[in-house]
């Protein structure tokens, strides 16, 4: 069998998370399908906006991974945690984002190697409230602007960031929030990095939201869910009900 890989989004795809309550739920059938797929020789990894340690902590004791595409492609690691891609955001750009786009009724979250830090606005149980950017511990990997389920506000701000700061930063909408990473990074760039570094001949991807569109585009076979937005369903090759169903279908294609 040729070398194949499967890249899965995390939140809303492999894991159902409630950031306000600090809870996570995994479908046992999905986890068992991942284990069976890897046992048969397929490579499986996560493609997410989360930082590396968050993924490791969430999946500890559940499944092992062959690659990690994290912070929306700004960092990519192989299964032994050897770095493949390492990018960061200059703190001056974070300050500019805060000045232009932060507002009192939203959450402005900055992700570093060791922190989920919120500057003003509401913060979840796993997010550390800080008073200023001076309290951050670089490198800065990602900035998340959460407009609290206001998809229109998120769509507008995402376009403005890409228009004004596109030479340095790239913004991706995830329903009511916006993830900002260094220019040139995306879940799609992460997939391409994995393909090249690990010698993958055919790769599949699955995701549930707008920020997964680059993941679906970069994959040879793209999956999403019946509950995904119409734009995401249109970008996928196949619409499924679970990660397990997608893995079974992908293996059958081989």
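Remark: relative contact order (region 91-182) = 24 percent; criterion is Cα-Cα distance under 8 angstrom and separation of 6 or more residues.
The fewest-to-most ranking of 155, 195 by surrounding Cβ atoms within 10 Å reads 155, 195. For the chain, a Gaussian network of Cα nodes joined below 10 Å ranks 164, 87, 103 by mean-square fluctuation, and the top entry is 164. Per residue, the Cα convex hull of region 68-123 amounts to 92 Å³. Computed from Cα positions, the angle between helix 28-39 and the longest principal axis of the chain comes to roughly 60 degrees.
Fewest-first ordering of 150, 30, 142 by other beta carbons within 10 Å of each residue's beta carbon gives 150, 30, 142.
Anisotropy class assigned to region 138-254 is oblate, per the alpha carbon gyration tensor with a/c at or over the 1.5 cut-off and a/b no larger than b/c. Taking every DSSP bridge with both residues inside region 149-224, close to 65 percent are antiparallel.
DSSP beta bridges confined to the chain are antiparallel in about 60 percent of cases.
Rounded if a/c is under 1.5, else prolate if a/b beats b/c, else oblate: with a ≥ b ≥ c from the C-alpha gyration tensor eigenvalues square-rooted, which is region 91-182? It comes out oblate by the Cα gyration axes. Computed on the Cα atoms alone, the convex hull of the chain gives a volume of 115 cubic angstrom per residue.
The distance from the alpha carbon centre of region 161-220 to that of region 77-156 is 17 Å, rounded to a whole number.
Using just its DSSP H runs of length 4 or more, each adding -39500 (n - 2.57), the chain gives a mean residue ellipticity at 222 nm of -9500 deg cm²/dmol after division by all residues.
Ranking of 86, 106 by neighbouring Cβ atoms within 10 Å, starting from the fewest: 86, 106.
Where a number appears in this text, it was derived from the coordinates with a stated rule and is not lab data. Computed from a predicted structure; not experimentally measured. Virtual Cβ from ideal backbone geometry, glycine too; neighbours counted across all protein chains shown.
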